[in-house]
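Peer 1: Pasting a structure below so you can have a look.
Just so it is clear, none of the values below were taken in a lab; they were calculated from the coordinates. Given the structure is predicted, the values throughout are model-derived calculations rather than measurements. Here Cβ is always computed from backbone atoms with ideal geometry, including for glycine, and neighbour counts include all displayed protein chains.
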Amino acid sequence: MKLNLNNMFGNKSKEPLFTEEVRTPVRTASHNSNEKVLTLISEGCKFDGNLSSPSTTKIDGHIVGNLRGESGIIIGEKGIVEGNVNAVEVIVYGTVKGNIKAHKLELKKTGSLSGDITVEELVTESGSRFNGASKMGDDNSKSNIIDMKTEMKKAENENDIEIHSDGKSKDKPVLKFH
């Protein structure tokens with residue numbers, strides 16, 4: 001959009017002396033467009049102790065202690081957390097040395113996590129580092145993984161299933177492994 005400032009301020013000559021182009025600012029998408037970062041531990045700050053925040057928190061400094069967020073926690077590229085993190089959503093660009101419990105965890109390509117995670121949703125970018133165990137879902141949810149050794153021992157003890165490799169049919173079911 002172009003504005004002729006000469007007309008606005010009463011220039012009597014017919015020739016415009018000054019024209020300025022006004023551009024509408026463009027907003028870029030943030031991590032979570034619905035929430036603003038209200039708490040910030042900036043680069044160079046070191047915090048010792050547990051931290052609890054009701055709003056989205058961004059960590060660019062060094063935290064030694066546990067973090068609890070009622071909404072989101074963002075660990076910036078220079079952020080370091082040595083402790084457990086518990087929040088609805090956690091985004092890791094920096095370093096976490098501790099366990100994370102969250103509904104959604106995002107490990108960005110610059111992110112490093114050494115610890116166990118319990119999440120509903122996990123997003124990792126190529127280049128991110130994760131060393132630990134992961135558990136998805138509630139403690140009450142039933143796993144769809146069957147431990148064959150345990151099942152085989154149960155079957156042998158109950159004499160419900162016999163395993164044999166010969167082609168003879170018997171009264172009991174036969175398990176074949178290919």
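Peer 1: Given 0.36 nm per residue, what is the gain on full extension from LYS46 to ASN131 after removing their alpha carbon distance, in nm?
Peer 2: Working: separation 85, 0.36 × 85 = 30.60 nm, distance 2.45 nm.
The span from LYS46 to ASN131 would gain 28.2 nm if fully extended.
Peer 1: Starting from the Cα-Cα distance between LYS36 and SER71, subtract it from 0.36 nm times their residue separation and give me the gain in nm to one decimal.
Peer 2: Working: separation 35, 0.36 × 35 = 12.60 nm, distance 1.06 nm.
The LYS36-SER71 span can extend by a further 11.5 nm.
Peer 1: Under a plain spin-label model, where a point goes 7 Å from the Cα along Cα-to-Cβ, how far apart in nm are LYS97 and THR124?
Peer 2: Label-label distance for LYS97 and THR124, simple model: 2.1 nm.
Peer 1: Still on this structure, please answer the following. Which of the GluC sites (Glu not before Pro) found in segment 33-119 are in a DSSP loop and have at most 15 neighbouring Cβ atoms, other than their own, within 10 Å?
Peer 2: On the way: sites: GLU35, GLU43, GLU70, GLU77, GLU82, GLU89, GLU106; in loops: GLU35, GLU43, GLU77.
Of the GluC sites (Glu not before Pro), the ones in loops of segment 33-119 whose Cβ has at most 15 other Cβ atoms within 10 Å are GLU35, GLU43, GLU77.
Peer 1: Please go through the residue pairs LYS46/LYS97; LYS36/LYS97; LYS78/LYS135 and name each one whose alpha carbons sit more than 24 Å apart in this structure. Let's see the in-between values first.
Peer 2: Values: LYS46/LYS97 15 Å; LYS36/LYS97 26 Å; LYS78/LYS135 27 Å.
Violating the 24 Å Cα-Cα cut-off are LYS36/LYS97; LYS78/LYS135.
Peer 1: Let me ask something else. Which whole-Hz ³J(HN,Hα) couplings does segment 95-104 yield from phi under the Karplus relation 6.51 cos²θ - 1.76 cosθ + 1.60, θ = phi - 60°, glycine and proline marked x?
Peer 2: 10, 10, 10, x, 8, 10, 10, 7, 6, 10
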